[in-house]
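The values are calculated or read from the model by the stated rules, or taken from the named source; none is laboratory data. Source: prediction; values computed, not measured. All Cβ positions, even for glycine, are placed from backbone atoms using ideal geometry, and neighbour counts span all protein chains on display.
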Amino acid sequence: MTETLVLKAEGRDKTGTREARRLRSRGKVPVIIYGHKQEPVSAALNYHDLALELQHHHRLLGVELNGKTEQFLVKDVQYDYLGDTIIHVDLARVNLDERVQVMVEVVLKGIPEGVHEGGVLAQLLTEVELECKVTSIPEQVRANIVHLKAGESLTAGELELPEMVSLVSDAKAPVAIVRVKSEEAAEEAVEEAEAPETAEPEMIAREKTEE
Amino acid sequence: MALMPKRVKYRKYQRGRIKGNATRGNFVSFGEFGLQSLGPGRISGRQIEAGRVAATHFLHREGKVFIRIFPHRSVSSKPLETRMGKGKGEPDYWVAHIKPGTIIYEIGGVPEDVARAALNRVAHKMPVRCRFVKRRHVG
């Protein structure tokens with residue numbers, strides 16, 4: 001994990017939509033800090049610094065609040081309707097030797113043998129839940145899929161995880177599958193056959209009155 | 001075949017207005033790449049189908065195309081050369097009401113450049129301004 005900035009947070013007494021909007025207009029992001037059975041604290045972080053940290057996939061943020069610097073785990077990030085702007089962040093209190101459960105991205109590496117044979121690769125799972133130490137959260141899990149033949153799949157249990165990292169998600173859940181092309185075509189044909197050919201849909205209300 | 005509902009409670013709708021932004025269906029959740037609307041609008045079943053055909057033809061049956069919207073509302077129209085009055089017209093076609101931010105299509109199982117080219121072709125068939133978006137991963 002790369003070095004992280006220490007973000008300066010300012011405490012905030014006022015909460016609510018209006019206050020949050022005022023904060024955002026001043027280039028701040030409202031933040032809530034909770035966990036470890038302590039009272040939740042409302043704070044605000046600088047938007048630019050926070051966005052930079054999240055852009056670099058940092059999960060653990062160093063935050064200076066009331067003259068005290070602590071490490072917090074990013075629990076949730078809320079974005080605006082277009083998914084561009086951060087509007088709120090949840091931070092959780094953690095000890096650096098604590099084990100936490102986090103979602104980590106799965107990245108497929110290589111082109112499977114089955115694709116060369118005419119199959120179609122489908123990634124069914126893009127994130128898996130892992131349990132690991134706060135300080136060693138992997139940025140992503142890379143799965144080598146070169147050996148997959150047509151009709152074969154890779155399950156979450158077969159993913160190669162770093163040391164001291166364990167899988168929480170269902171080990172039998174398929175991560176990637178190489179489908180035979182004829183199956184794909186058959187599925188599409190069924191979908192098209194199921195499409196209604198009537199010009200007008202059936203009425204729910206009319207049925208009830210007849211009954 | 002254009003999309004339309006199988007069963008409905010009411011045949012005819014009032015036009016209404018599309019207000020606000022999308023708070024649901026506004027992030028990529030099935031594929032890796034998506035087409036996001038930037039404005040409000042009504043997308044008809046035929047336009048949705050045209051977009052699907054454009055994408056699947058371009059992809060040559062590679063990858064998977066997901067349609068994230070459905071035309072639930074009917075639009076009525078009066079027959080040609082008819083005088084005004086005599087009640088509301090009959091349902092003509094079906095539309096999906098789209099708010100800014102809605103993900104209209106998603107594509108998975110293909111590289112980014114291919115998905116971008118496919119969705120660019122689809123965007124030309126849409127009655128609203130659209131943009132290409134990628135799935136956001138946690139962390």
Quick check: anything in region A:7-27 in a strand (DSSP E or B), among the basic types (Lys, Arg) and under 30 Å from B:Gly34 (Cα atoms)? no
Strands (runs of 3 or more DSSP E) wholly inside region B:40-121 containing at least 1 residues that are aromatic (Phe, Trp, Tyr) and within 11 Å of chain A (Cβ to nearest Cβ): B:90-98
When A:Val175 is evaluated against the numbered criteria (1) touching a helix residue (DSSP H, G or I) at 6+ places or on another chain (Cβ under 7 Å); (2) under 17 Å from A:Asp97 (Cβ atoms); (3) surrounded by 13 or more Cβ atoms within 10 Å (Cβ to Cβ), which criterion, by number, is the only one it fails? (2)
Given A:Leu125, A:Leu45, which one is farther than 30 Å from A:Ala176 by Cβ and crowded, with 16+ Cβ neighbours inside 10 Å? A:Leu45
Whether any residue in region A:115-124 is closer than 23 Å to A:Leu154 by Cβ, charged (D, E, K, R), in contact with a Lys or Arg (Cβ under 8 Å, 6 or more places away or on another chain) and not assigned by TED's automatic domain parsing to the domain that holds A:Ala20 is what I want to check. yes
Those strands (runs of 3 or more DSSP E) lying entirely in region A:46-111 with at least 1 residues under 17 Å from A:Glu10 (Cα atoms) and charged (D, E, K, R): A:60-65, A:68-79, A:86-93
Note: among A:His56, A:His116, A:His88, just one is surrounded by fewer than 18 Cβ atoms within 10 Å (Cβ to Cβ) and at pLDDT 90 or above, namely A:His88
Using the structure shown, decide if A:Leu148 is assigned to a loop (DSSP other than H, G, I, E, B) and touching a Pro at 6+ places or on another chain (Cβ under 6 Å). yes
Would you check if B:Gly34 is in a loop (DSSP other than H, G, I, E, B) and either within 12 Å of chain A (Cβ to nearest Cβ) or out of contact with any helix residue (DSSP H, G or I) (no Cβ under 6 Å at 6 or more places or on another chain) (or both)? no
If you take the residues of region A:128-145 that are in a loop (DSSP other than H, G, I, E, B) and touching a strand residue (DSSP E or B) at 6+ places or on another chain (Cβ under 7 Å), which of them is surrounded by the fewest Cβ atoms within 10 Å (Cβ to Cβ)? A:Pro138
In region A:99-108, is there at least one residue being more than 11 Å from every other protein chain (Cβ to nearest Cβ), surrounded by fewer than 17 Cβ atoms within 10 Å (Cβ to Cβ) and touching a residue at least 40 places away in the same chain (Cβ under 8 Å)? yes
Looking only at region B:2-50, how many residues end up being touching a His at 6+ places or on another chain (Cβ under 7 Å) and closer than 24 Å to A:Glu200 by Cα? 2
